[in-house]
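The structure appears below as structure tokens.
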Amino acid sequence: MKVHVRKKDTVMVISGKDKGKTGEVLAVMPKSGKVLVKGVNEVSKHQKPSRENMQGGIIKKEAPIYSSKVMLYCTKCKSVTRISHKILDDGTKIRVCKKCGETF
């Protein structure tokens, strides 16, 4: 399965309980078609005490969401956008914002 976003991209959630939130992509899971976004889809996890977390208790952490629920967020035009690919003279392929032409 191909995912349209990469690690460290800024994305906005377009559907679900966190609709409208923006965040940075922390991890991409292409086999399951999911992404992990900072500050989005936070779940409560019960954690037993361990060496790292001596106290234990309930912690909040991000859970993966489907990549189809996020769109790339362009910081220049301050909106969500689709991307197009542009091939440079030296043969490298770059991602470009369809609205303003900013490179990602």
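No value in this document is a laboratory result; all are computed from the given coordinates. If you're wondering where the values come from, they're calculated on a predicted model, not measured in any experiment. Please note: Cβ atoms are built from the backbone with ideal geometry, for glycine as well, and neighbour counts cover all protein chains shown.
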How do ARG51, ARG95 line up, fewest other C-beta atoms within 10 Å first? ARG51, ARG95
Based only on other Cβ atoms within 10 Å, what is the fewest-to-most ordering of ASP18, ASP89? ASP89, ASP18
Quick one: dipole size for the chain, taken about the Cα centre, charges +1 on Lys/Arg Cβ and -1 on Asp/Glu Cβ, in debye to the nearest 20. 240 debye
Dimensions of the chain along principal axes (Cα, Å, largest first)? 56, 28, 24
Residue order, fewest to most surrounding Cβ atoms within 10 angstrom, among HIS4, HIS85: HIS85, HIS4
What is the packing order of peptides 55-67, 26-38, taking the mean over residues of other C-beta atoms within 10 Å and listing the highest first? 26-38, 55-67
